[in-house]
Amino acid sequence: KAKAEGRSTYHFFEAELDAALRRRRAIEAGLRGAIERNELHLAFQPLLGLEADRIACAEALLRWEFEGRTIAPDEFIPVAEETGLIVPIGAWVLRQACLVARDWPKHVRVAVNLSAVQFRSANLFSQVEAILAETGFDPTRLELEITESLLLAQNDQVLRTLHRLRSLGIRISMDDFGTGYSSLSYLRSFPFDKIKIDRSFMRGLATPGDSLAIIKAIIGLGKSLGMTTTAEGVETPEQLELMRANGCDEIQGFYFSKPVSAADFALLLATADASQKAGAHL
Ligand code: C2E
Ligand code: MG
Ligand code: MG
Ligand code: MG
């Protein structure tokens, strides 16, 4: 009997594995034609500047309509990276983000995520330069977000590319800060313009622990290094006030706004602008 059970467990896992593999292959095949079929679009999530209490930036977040539903990047970005498809897709994201953000008020920037694979393959710098020229987008309104994993290799080529991008006036942000193995040392390897505090620290505020002490330390670190700090994953008014009280520069999270369509983001900007003007006349 034990043997029979063992066998059925084995078959169960085999079936699961099979389904996962099929899903992986379907995603890969679908992703190949996603740009041509117009299945990709961007959602925009505002970053609220706490000093002026106004939208300072929006992060472009990739969405994919596949087989009738919207797939989150966590499911398909890894596949895009493994297959190299992230290179054309990344270029599409940057071009689209610049085209959309061109119509926003000049003080609102756009942030685009870059994958480590984009640094390894193709000439990322020329690609970015070409897209800026083609769209006529002001590089000082562009932020590029990278994660700590990019700097893990301590690759000179990567650092050179980052410096060249920055020389165009582009801001470089360290995304999901505090989740890597040696977060602090990465801050020494490159003069980032912005540190985005990973949302796990915001979640950690709900339970006893050291999350607040760590958040305060990161904000202090940012100040002394001349880097802007953004708190990610702010979901409650209490968290927002806590970030304000501790001198965090910006917040991003569901409390202020979830990622929204380009059209809805334009509405959000218009509404915010109108209420600010109204406020100024009071
Ligand atoms: P990220 O760059 O850290 O983006 C922030 C993620 O946190 C987004 O998830 C956003 O929807 C989510 N988020 C924002 N506020 C809150 C909140 O208050 N609570 C919670 N629980 N979540 C919040 P999303 O859009 O699913 O993206 C996941 C990740 O996929 C991104 O993390 C980024 O690493 C990657 N990604 C998205 N778009 C692109 C892209 O165009 N290129 C590349 N290479 N990666 C991308
Ligand atoms: Mg990001
Ligand atoms: Mg992030
Ligand atoms: Mg993330």
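The values are calculated or read from the model by the stated rules, or taken from the named source; none is laboratory data. All values derive from a computational prediction rather than experimental measurement. Note: ideal-geometry Cβ built from the backbone for every residue, glycine included; neighbour counts use all protein chains shown.
Tabulated data for the structure shown
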| quantity | calculated |
| --- | --- |
| Residues within region 239-257 that are touching a residue at least 12 places away in the same chain (Cβ under 8 Å) and either assigned to a helix (DSSP H, G or I) or within 12 Å of ligand 1 (Cβ to nearest atom) (or both), tallied | 12 |
| Residue identified as modelled with pLDDT of 80 or more, under 20 Å from Asn113 (Cα atoms) and in a helix (DSSP H, G or I) among Leu17, Leu31, Leu48, Leu42 | Leu31 |
| Qualifying residue in region 177-191 (condition: farther than 18 Å from Ile77 by Cβ, away from ligand 2 (no atom under 16 Å from the Cβ), assigned to a helix (DSSP H, G or I) and among the aliphatic types (A, V, I, L, M)) | yes |
| Residue match in region 155-164 (condition: more than 13 Å from ligand 2 (Cβ to nearest atom) and touching a Lys or Arg at 6+ places or on another chain (Cβ under 7 Å)) | no |
| Test set (1) modelled with pLDDT under 95; (2) more than 14 Å from Arg164 (Cβ to Cβ); (3) under 18 Å from the mean Cα position of the chain (by Cα) - Phe119 fails condition number | (2) |
| Breaking point among (1) part of a loop (DSSP other than H, G, I, E, B); (2) surrounded by 17 or more Cβ atoms within 10 Å (Cβ to Cβ), for Arg37 | (2) |
| Residue list for region 115-136, filter: over 19 Å from Gly84 (Cβ atoms) and outside any helix (DSSP H, G or I) | Gly136 |
| Matching residues in region 143-154 - criterion: being within 16 Å of ligand 2 (Cβ to nearest atom), in contact with a helix residue (DSSP H, G or I) (Cβ under 9 Å, 6 or more places away or on another chain) and either among the charged types (D, E, K, R) or part of a loop (DSSP other than H, G, I, E, B) (or both) | Thr147, Glu148 |
| Residue under evaluation Thr230, criteria (1) farther than 22 Å from Ala58 by Cα; (2) polar (S, T, N, Q); (3) in contact with an Asp or Glu (Cβ under 7 Å, 6 or more places away or on another chain), criterion not met | (1) |
